[in-house]
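See below for the structure under consideration.
The values are calculated or read from the model by the stated rules, or taken from the named source; none is laboratory data. No experiment lies behind these values; they were computed from the predicted model shown. Cβ sites come from the backbone with ideal geometry, for glycine too, and all protein chains shown count toward neighbours.
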Amino acid sequence: MKDKSTGIIIRILKLTKPHWKLFAGFIIAIIFTAFLDSLGTYITKLIIDEGIMVENLEKVIYYCKLFGITYLLNSISFFTFIYCAGRLGEWMQFDLREKLFNHIQELSFSFFDRSSTGWLLSRISSDTEKMADLATWMLLDSIWAFFNIIISLIFMAIINIKLALIMALILPLLVLIAGKFKIHILGEYRKVRSLNSKITAAFSESFSGVKIVKALTREKTNLRDFGGLTGEMYHTSYRAAWLSAFFLPAVQLIITLALGAILWFGGWQIELGFMTIGGLRAFIGFITFMLWPIQDLARVFSGMQQSIAAAERVFGLLDTPSDIQDKFEAMEDASYKGDIEFKNVSFSYKKDSPVLSNFNLSIKAGETVAIVGPTGGGKTTIASLISRYYEPEEGQILMDGVDNRDYTQKALQSRIGVVLQKPHLFSGTIRENIEYGKPGASFDEIINAAKTANSYNMITSLKNKWDEIVGEDGTMLSQGQKQLISLTRAVLASPDILIMDEATSAIDTLTEKDIQKGIEALLEDRTSIIIAHRLSTIKDADRILVVENGKIKEEGDHTKLLKNRGHYYELYTSQFRRERTAAIGLLE
């Protein structure tokens, strides 16, 4: 445990390397401040012994001037280390958050399948702040405490070596007590950080799914579950706080006994003529200097354990490798005609639960292929493998005859456009969301893309037109409007290959007609894979695949598959009957 904690602290301190000037500045300023604190106390001894006690006004004035200069320098030094520590902490948080954000974006989809949004937010926000605190304010307190004690002992030894030895013998006992408490406090704060992540995740899930929560009247159930988590965190935090609180009285008791011994022994030394009143006064001052940092060790240790627990989780995230790695010699530029081939591909999300087994499929450049079938049959998996969101366990996926693993992920995915069932829009304006498909695109390009995708009239009918705020995840727009913007974004990107994953399944029939026109323009002159729920939208596809249990059960065009009266015919007729029944119900 000790070696692990030490290793984590060293790794945190290494993060200060890019800002070594600030780091060195605040370290030097702390040491200088500790020296000036002790020097000021020693000067008070001289004022008493060489000035007041012998009624030497000249000495009093001289040492008072020296005392004033000392504390002026102390103030400058104090400002310096506070300023340097503050700036260093902000820079560390900036670097850490940027590094985390970049790393998280590089991780594969399988990582996000098993990690909650709330857990990730907790790492980027509160944990990075605690790590920066350790390398600045907690390190500041620790170094200040260390040098206060060492320099105070040196001045004590100058005044009276015997009393200095008494204090030196007490210090190891205090360190031993601190070490014992540290182990138990760290364990409790590890539990606190783990529970905090669960609470953040519960927050995030409840708020993002607030419509479902209200629709199913889950408020009380969610509150009960959330109360269980917060209750557990309360008890764990209470135990950690109790340990931290108990540490302080234990230290104070030892220090009080030491102070009593010093006063008794010092008074005896004065009577024997081996010590002066000023010396004893300075001794009490030095003990006070030592008492403050030792008492504060409870807070420092408590904060340090929280920071170490936070750092363990942040470094664990940073050390998590992506399941998908680019080859060293992978091609960074990609432009496809559009030929796609699956050769004996096998894939599973979980062991012993194959989704695809020895799957084979060939798609020609410019061909529009629709994939239909029951939920869980492997339709979306096929699309995800083409985009290399996941990699096959066996077999190959060829793009124009080249294994898609021979391209970098960025090169491959930049030439593949994806339109999802639930389009995601980012906070901002409509124009900014469309421009996301091609950063730096001119306004004319955006307008042309909107006209091609059949979204121009919808956008210009809005109050603020292109500057309309969409809200978080497009909450200010309807599902159909969001999908039209998503299509416009895809048109602007002008991909070589297009994948549409049930893009109209959640859209009403009237809006679907507008979207369908946009889709037709988007499909033109490019290889397209359409995963469809509404079979009426894929009648014009060059080829339709019926996929079930990871196998192609049927394939052909719409007319051919209806004539065969197989799986597709059953799916189409049953869906047609459901839609007709629903329409009759509306008329009635």
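Could you pull out the residue among SER110, SER126, SER152 that is touching a residue at least 40 places away in the same chain (Cβ under 8 Å) and in contact with a strand residue (DSSP E or B) (Cβ under 9 Å, 6 or more places away or on another chain)?
Details: SER126 fails: in contact with a strand residue (DSSP E or B) (Cβ under 9 Å, 6 or more places away or on another chain); SER152 fails: in contact with a strand residue (DSSP E or B) (Cβ under 9 Å, 6 or more places away or on another chain).
Residue meeting the stated conditions: SER110.
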Would you be able to tell me the number of residues in region 539-549 that are buried (at least 21 other Cβ atoms within 10 Å of the Cβ) and either more than 14 Å from ALA383 (Cβ to Cβ) or basic (Lys, Arg) (or both)?
-> 3
Among the residues of region 9-27 satisfying the criterion of being over 16 Å from TRP137 (Cα atoms) and either surrounded by 12 or more Cβ atoms within 10 Å (Cβ to Cβ) or touching a residue at least 40 places away in the same chain (Cβ under 8 Å) (or both), which is nearest to the chain's Cα centre (by Cα)?
-> ARG11
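Name the residue, out of GLN93, GLN105, that is of a type in the set (S, T, N, Q) and within 11 Å of the chain's Cα centre (by Cα).
Working: GLN93 fails: within 11 Å of the chain's Cα centre (by Cα).
Being of a type in the set (S, T, N, Q) and within 11 Å of the chain's Cα centre (by Cα) holds for just one of GLN93, GLN105, which is GLN105.
Of the residues LYS59, LYS65, only one is more than 20 Å from TRP144 (Cβ to Cβ) and crowded, with 16+ Cβ neighbours inside 10 Å; which?
On the way: LYS65 fails: crowded, with 16+ Cβ neighbours inside 10 Å.
None of the others qualify; the one that does is LYS59.
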Within region 288-312, of all residues that are out of contact with any Lys or Arg (no Cβ under 6 Å at 6 or more places or on another chain) and modelled with pLDDT of 80 or more, the one nearest to LEU46 (Cα to Cα) is ILE308
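One line per residue, one yes/no per condition, for (1) out of contact with any Lys or Arg (no Cβ under 8 Å at 6 or more places or on another chain); (2) farther than 21 Å from ALA34 by Cα; (3) modelled with pLDDT under 80:
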position: LYS130; (1), (2), (3): yes, yes, no
position: LEU165; (1), (2), (3): yes, no, no
position: LYS180; (1), (2), (3): yes, yes, yes
position: ILE185; (1), (2), (3): yes, yes, yes
position: ARG193; (1), (2), (3): no, yes, yes
Of the residues ILE340, ILE277, ILE254, which is modelled with pLDDT of 80 or more and over 38 Å from the mean Cα position of the chain (by Cα)?
-> ILE277
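So that you can scan it fast, the table gives a plain yes or no per residue for (1) acidic (Asp, Glu); (2) at pLDDT below 80; (3) not assigned by TED's automatic domain parsing to the domain that holds LEU195:
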{"residue": "PHE79", "(1), (2), (3)": "no, no, yes"}
{"residue": "CYS84", "(1), (2), (3)": "no, no, yes"}
{"residue": "GLY89", "(1), (2), (3)": "no, no, yes"}
{"residue": "HIS103", "(1), (2), (3)": "no, no, no"}
{"residue": "ASP113", "(1), (2), (3)": "yes, yes, no"}
{"residue": "LEU120", "(1), (2), (3)": "no, yes, no"}
{"residue": "SER126", "(1), (2), (3)": "no, yes, no"}
{"residue": "LEU139", "(1), (2), (3)": "no, yes, no"}
From SER427, SER414, residue being in contact with an Asp or Glu (Cβ under 7 Å, 6 or more places away or on another chain) and of a type in the set (Ser, Thr, Tyr) | SER427
All but one of (1) modelled with pLDDT under 80; (2) within 27 Å of TRP119 (Cα to Cα) hold for LYS327, so report the exception by its number.
-> (2)
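Out of curiosity, is PHE265 at pLDDT 80 or above and either assigned to a helix (DSSP H, G or I) or more than 20 Å from TRP144 (Cβ to Cβ) (or both)? Spell out how you get there, then give the answer.
Numbers: at pLDDT 80 or above: no; either assigned to a helix (DSSP H, G or I) or more than 20 Å from TRP144 (Cβ to Cβ) (or both): yes.
Judged against the criteria, PHE265 is not a match.
Counting only residues that are assigned to a loop (DSSP other than H, G, I, E, B) and not basic (Lys, Arg), how many does region 434-480 have? Spell out the reasoning first.
Step one: list which residues in region 434-480 are assigned to a loop (DSSP other than H, G, I, E, B), which gives 436-442, 453-455, 461-464, 468, 470-471, 475-478.
Narrowing the set further to residues that are not basic (Lys, Arg) leaves 436-437, 439-442, 453-455, 461-462, 464, 468, 470-471, 475-478.
The total comes to 19.
Going by what's in this entry, would ILE485 be described as farther than 17 Å from ALA383 by Cα, modelled with pLDDT under 80 and part of a helix (DSSP H, G or I)? It would help to see each step written out before you state the result.
Working: farther than 17 Å from ALA383 by Cα: yes; modelled with pLDDT under 80: no; part of a helix (DSSP H, G or I): yes.
Spelling it out, it is not the case that ILE485 is farther than 17 Å from ALA383 by Cα, modelled with pLDDT under 80 and part of a helix (DSSP H, G or I).
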In the list LYS45, LYS59, LYS65, which residue meets the criterion of being more than 30 Å from GLU129 (Cα to Cα), among the charged types (D, E, K, R), modelled with pLDDT of 90 or more and not in a loop (DSSP other than H, G, I, E, B)?
-> LYS65
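With respect to GLY51, determine if the residue is touching a residue at least 40 places away in the same chain (Cβ under 8 Å), assigned to a helix (DSSP H, G or I) and touching a helix residue (DSSP H, G or I) at 6+ places or on another chain (Cβ under 8 Å). Break it down into steps so the answer makes sense when it comes.
Values: touching a residue at least 40 places away in the same chain (Cβ under 8 Å): no; assigned to a helix (DSSP H, G or I): yes; touching a helix residue (DSSP H, G or I) at 6+ places or on another chain (Cβ under 8 Å): yes.
Here the answer is no, as GLY51 does not meet what is asked.
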Please state which of the following conditions ALA370 fails to meet, knowing it meets all the rest: (1) at pLDDT below 85; (2) under 29 Å from LYS517 (Cβ atoms).
-> (1)
Which of the residues belonging to region 333-358 are buried (at least 20 other Cβ atoms within 10 Å of the Cβ) and part of a strand (DSSP E or B)?
-> ILE340, PHE342, VAL345, PHE347, VAL355, LEU356
